[in-house]
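Worksheet: one structure, shown below.
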Amino acid sequence: MTHRTLEPGKLVIASHNAGKVREIRILLEPYGIDPISAGDLDLPEPEETGSTFAENALLKAHASTQGSGLPALADDSGLCVAALGGAPGVYTADWAERQPYEGEAGRDWYMAMGKVEGKLSEHGPDVDRSAYFICTLALAWPDGHAEVFEGRVQGTLIWPPRGTLGFGYDPVFRPNGYDQSFAELDPSNKHAMSHRADAFKKLVAAIF
Ligand code: IMP
């Protein structure tokens, strides 16, 4: 497959998730790209109606490129737990959604991590705790062209949560080969081997 190259210049990071935007900015630093987030441009957040990570990443990338007239990079990612048949998967962010009766709107990552642990514990103490994070990056151009890249990192779910760095489910994910959770590892370590870094390496090899 021939890939289209991305010239240095402005690129919209098609996300309203501050943790993702921070990580993508760091990953883009060496490539002469001037990133601006969808939030900074007040672009609306499209509903993630796709049934796969790639469909949702493409939805977000196309919405931002159409709203801005600039190339846009979207990240759709999630946690897939073997013993839960791959859940929460594309619903990873939804598992953190508070119900209206719980008061303040927004996402509660501790609740979400507890939900994963609760479902795992239903399978007994010897349950397989292996899981992976997946990251699907979609890069879209204003003329409708788009390319998709996928990365993964394998690990084990730990309980209780450990560490305060990172975002989302980082405190319960220990990548294979490490003693610390993603939220305890120095961010430069996470950026060297995360699912996002893996997808990014593929994007860089193809696009820059
Ligand atoms: P979405 O891609 O916006 O649907 O959200 C995916 C969700 O997966 C995020 O909101 C995070 O909770 C979780 N997630 C994705 N990447 C990471 C990561 O690097 N660390 C921890 N959680 C992550």
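Where a number appears in this text, it was derived from the coordinates with a stated rule and is not lab data. Note that the structure is a prediction, hence the values are computed from the model and not measured. Here the Cβ positions follow ideal geometry from the backbone for every residue, glycine too, while neighbour counts run over all protein chains shown.
In order along region 56-64, the Karplus-derived 3J(HN,Hα) couplings, from 6.51 cos²θ - 1.76 cosθ + 1.60 at θ = phi - 60°, round to 5, 5, 5, 4, 5, 5, 5, 4, 6 Hz, and Gly and Pro are given as x.
Sequentially through region 38-46, phi angles give Karplus couplings (6.51, -1.76, 1.60; θ = phi - 60°) of 4, x, 4, 8, 6, 6, x, 8, x Hz, Gly and Pro residues having no value and appearing as x.
Answer rounded, prolate or oblate for region 2-55, using the Cα gyration tensor with square roots of eigenvalues a ≥ b ≥ c: rounded when a/c is under 1.5, else prolate when a/b is larger than b/c, else oblate. Each step should come with its number before you reach the end.
Values: a/c = 1.85, a/b = 1.29, b/c = 1.43.
Oblate is the answer for region 2-55, as a/c is 1.5 or above yet b/c matches or exceeds a/b.
The angle between the Cα long axis of helix 195-207 and the longest principal axis of the Cα atoms of the chain comes to about 20 degrees, rounded to the nearest 10.
Simple point charges give the picture: +1 on the Cβ of Lys and Arg, -1 on the Cβ of Asp and Glu, and for the chain a dipole about the Cα centre of about 440 debye. With a Förster radius of 41 Å applied to the C-beta separation of His145 and Asp186, the computed FRET efficiency comes to 0.65.
Taking other C-beta atoms within 10 angstrom as a stand-in for reagent exposure, Ile36, Ile26, Ile134 fall in the order Ile26, Ile36, Ile134, fewest first. Near the amide H of Leu11, within less than 5 Å, lie the amide hydrogens of Asp34, Ile36, all on another chain or at least 5 residues away, with H placed in the peptide plane.
Here the dipole of region 13-94 is about 160 debye; that uses its Cα centre as origin and unit charges on the Cβ of Lys and Arg (positive) and Asp and Glu (negative). Per residue, the convex hull spanned by the Cα atoms of region 150-208 amounts to 80 cubic angstrom.
Reported to the nearest whole Å, the Cα centre-to-centre distance from region 1-56 to region 60-133 is 19. Antiparallel beta bridges, as assigned by DSSP with both residues in region 8-143, represent about 65 percent of the total such bridges. At an R0 of 35 angstrom, the distance between the Cβ atoms of Glu7 and Tyr91 translates into a FRET efficiency of 0.45.
Taking each pair of different alpha-carbon atoms in the chain once, compute 1/r for the pair, average those values, and report the inverse of that mean as the Kirkwood hydrodynamic radius in Å to one decimal. Write out the running numbers ahead of the final one.
Details: mean 1/r = 0.0567 Å⁻¹.
Computed over Cα pairs of the chain, the Kirkwood hydrodynamic radius comes out at 17.6 Å.
For region 56-208, the share of DSSP beta bridges that are antiparallel, to the nearest 5, is 100%. In the chain, the calculated helix contribution to ellipticity at 222 nm averages -9000 deg cm²/dmol per residue, counting -39,500 (n - 2.57) for every DSSP H run with n ≥ 4. Taking 0.36 nm per residue of separation and subtracting the current Cα-Cα distance, fully stretching the chain between Tyr110 and Asp128 would add 4.4 nm.
So how do Asp34, Asp42 line up by other beta-carbon neighbours within 10 Å, fewest first?
Details: Asp34 10, Asp42 7.
Listed from fewest to most nearby Cβ atoms, that is Asp42, Asp34.
Taking θ as phi - 60° and the Karplus parameters 6.51, -1.76 and 1.60, the scalar couplings of region 69-83 work out to x, 10, x, 9, 10, 10, 10, 10, 9, x, 10, 10, 9, 4, 5 Hz in sequence order, x denoting glycine and proline. The alpha carbons of region 80-153 give a radius of gyration and a Dmax of 16.2, 53 Å, in that order. Inter-label distance, Asn176 to Ser51: 2.9 nm, where each label sits 7 Å from its Cα along the C-beta direction.
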